[in-house]
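Have a look at the structure below, then the notes.
The values are calculated or read from the model by the stated rules, or taken from the named source; none is laboratory data. What you see is a predicted model; the values in this text were computed from it and never measured. Here the Cβ positions follow ideal geometry from the backbone for every residue, glycine too, while neighbour counts run over all protein chains shown. Surface areas here come from the heavy atoms of the whole protein model, side chains and all, with no ligands, DNA or RNA. Shrake-Rupley method; radii C 1.70, N 1.55, O 1.52, S 1.80 Å.
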Amino acid sequence: MSHDALPAPLAARAGSALTGRIRVPGDKSISHRSLMFGAVSLGETRIEGLLEADDVLATGRAMAALGATVTRDGEGAWRVGGLGCGGLLEPEGVLDFGNAGTGSRLTMGLVGGHAIAATFVGDASLSRRPMGRVLNPLREMGVEVIARAGDRLPLTLRGPKTPTPITYRVPMASAQVKSAVLLAGLGAPGVTTVIEAVATRDHTERMLQGFGAALSVEIGVAGERIIRLEGRPELKAQHVVVPGDPSSAAFAVVAGLIVPGSDVTVENVLLNPQRTGLFQTLVEMGADLAIENERLSGGERVGDVHVRASRLKGVVVPPERAPSMIDEYPILAIAAAFAEGPTVMEGLEELRVKESDRLAAVARGLEANGVACTEGEASLVVEGLRAGVRIGGGRVATHLDHRIAMAFLVLGMAADAVVTVDDTTMIATSFPSFRGLMEGLGAEFVEA
Ligand code: S3P
């Protein structure tokens with residue numbers, strides 16, 4: 001597994017303009033869910049464009065360990081022979097999710113809805129992340145949890161014979177928590193209700209409906225989303241086409257904006273409104289960013305994101321936008337470093353519990369490269385360009401976090417001196433072709 005690999009440092013330096021058209025791999029959120037929903041459906045689900053990266057492959061192995069048949073066909077599509085809702089089997093070994101929060105937390109929901117036991121393990125980063133946010137509602141549903149203090153991995157779950165359908169108000173903005181409760185609710189007789197005060201990515205809702213579940217979404221008087229799922233549905237295998245991941249596209253998009261003279265198009269990007277907060281923010285910063293060829297694919301809006309190098313200005317990013325760009329703050333901070341004037345980001349408390357403490361990791365990385373910033377409890381202010389101050393020359397600690405590694409390599413592409421990241425192995429968890437695609441656009445990397 002990648003978390004056992006030796007660190008592979010890498011540096012990026014400024015070169016010529018970035019130009020060309022690329023396609024980034026499939027969306028990670030939709031890829032995990034396609035494998036999982038295929039596993040609990042009747043028949044064979046075919047998945048085109050699945051993200052073939054460590055996080056998603058770990059989910060594929062977990063679904064196979066739970067009894068589904070998971071194979072890759074000769075055309076590169078993945079096929080999942082499902083067991084039907086309630087049909088998962090007790091795995092013989094542990095379920096190893098590596099670095100993957102989404103894979104582990106959503107599978108906890110699935111296992112909790114079955115009368116089986118399973119043990120979850122992960123790498124050093126995943127073993128530090130809070131799991132109580134998922135385990136607490138599962139306990140309310142009758143799931144037995146054996147975990148060490150603080151509810152961290154490794155842990156074992158045993159689902160009850162009859163999970164209790166609950167009404168759960170998600171205390172933080174988290175699509176993973178929402179999804180875990182809904183997936184456990186698949187096994188409960190009656191209606192499981194999940195209420196979220198702020199909308200988070202809705203792939204679970206949309207895809208469960210697509211697989212045949214009776215799921216409704218209502219907007220409450222205070223603007224909250226009330227999601228109701230009828231338990232024990234008959235889910236039917238589907239043909240899923242996974243669009244390009246906007247969270248991966250983000251790196252090429254920002255690189256195209258900050259490297260002088262660039263003209264970059266990322267084709268076939270998922271444009272679900274709960275995922276496009278970064279693009280909206282970049283436009284507010286003055287980015288020359290256009291969505292072209294917008295169309296529907298598999299029930300989701302997709303399009304080509306076309307950027308040309310732009311003079312950016314600092315903006316205030318409102319906290320309510322955070323859920324729609326939660327994974328994009330590291331790369332937004334890099335764009336902000338090249339803007340005129342400060343960029344203020346608020347409502348960032350969830351960044352503290354990602355693959356690393358991303359708020360601290362970004363702030364330290366910027367400081368190491370001459371970019372002034374102020375880290376608050378749940379906020380970050382990045383000072384823009386300052387006359388006479390050179391950017392770059394630093395070495396960045398990535399803390400087993402793929403997005404910290406990619407964001408700071410993009411910094412190096414536009415900096416005055418090379419930027420080195422201490423490890424790039426984790427990039428394989430979400431975007432294994434990052435280096436090759438960026439080199440294809442003209443980016444220059446140097447072994448460090
Ligand atoms: C995800 C939800 C988000 C996001 C993660 C993917 C998902 O996590 O950061 O990369 O697919 O549901 P949280 O639910 O912790 O916000």
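Structural remarks
- Burial ranking of peptide ranges 65-75, 365-375 (average Cβ count within 10 Å, highest at the top): 365-375, 65-75
- Centre separation in Å (Cα based) which lies between the range 385-418 and the range 72-123: 36
- Nitroxide proxy distance, nm - points 7 Å out along Cα→Cβ at Arg390 and Gln209: 5.5
- A straight chain from Ala149 to Ile226 at 0.36 nm per residue would run longer than the Cα-Cα distance by 24.5 nm.
- For the chain, DSSP calls about 75 percent of its internal beta bridges antiparallel.
- Taking Cβ atoms as reference points and 9 Å as the exclusive limit, the residues near Arg46 contribute a net charge of -2, counting Lys and Arg as +1 and Asp and Glu as -1.
- Extension gain, Glu218 back to Glu294 (0.36 nm per residue minus Cα-Cα distance, nm): 24.6 nm
- As a size descriptor, the averaged projected area of the C-alpha convex hull of the chain was calculated at 19.4 nm².
- For the set Lys161, Lys28, Lys236, Lys178, solvent exposure ranked by accessible area (probe 1.4 Å, protein chains only) runs largest to smallest as Lys161, Lys236, Lys28, Lys178.
- Net charge of neighbours whose Cβ lies under 12 Å from the Cβ of Leu10, counting Lys and Arg as +1 and Asp and Glu as -1: -2
- Spherically averaged projected area of the convex hull of Cα atoms, the range 224-358: 10.2 nm².
- Close amide-amide hydrogen proximity is noted between Leu18 and Ser262, Asp263, each under 5 Å apart and 5 or more residues distant or on a separate chain (H modeled in the peptide plane; Pro and chain starts excluded).
- For the chain, the 222 nm mean residue ellipticity estimated from helices alone, with every DSSP H stretch of n ≥ 4 adding -39500 (n - 2.57) and the total spread over all residues, rounds to -8500 deg cm²/dmol.
- Debye, to nearest 20: dipole size of the range 28-231, +1 on Lys, Arg Cβ, -1 on Asp, Glu Cβ: 460
- Carbon + sulfur, % of accessible area of the chain - ligands and nucleic acids excluded, 1.4 Å: 51
- Evaluated with a Cβ-only charge set (Lys, Arg +1; Asp, Glu -1), the chain carries a dipole of roughly 600 debye about its Cα centre, given to the nearest 20.
- Radius 9 Å from Cβ of Leu270, net charge of other residues (Lys, Arg +1; Asp, Glu -1): -1
- Listed residues Gly103, Gly26, Gly286, most fluctuating in the chain (Gaussian network, C-alpha, under 10 Å): Gly286
- Gyration tensor (Cα) of the range 28-231, equivalent ellipsoid semi-axes in angstrom: 23, 20, 16
- The chain: Lys pairs at Cα distance under 30 angstrom, eight or more positions apart or on different chains: 8
- Rounded to the nearest Hz, the phi-derived 3J(HN,Hα) couplings of the range 233-242 under the Karplus curve 6.51 cos²θ - 1.76 cosθ + 1.60 (θ = phi - 60°) are x, 9, 8, 10, 3, 10, 9, 10, 10, 8, where x marks glycine and proline.
- Cα centroid separation - the range 255-324 against the range 131-177, whole Å: 35
- Rolling a 1.4 angstrom probe over the protein heavy atoms with all chains in place gives the chain an accessible area of 35 Å² per residue.
- If you sort Arg13, Arg358 by accessible surface, 1.4 Å probe, largest first, the order is Arg13, Arg358.
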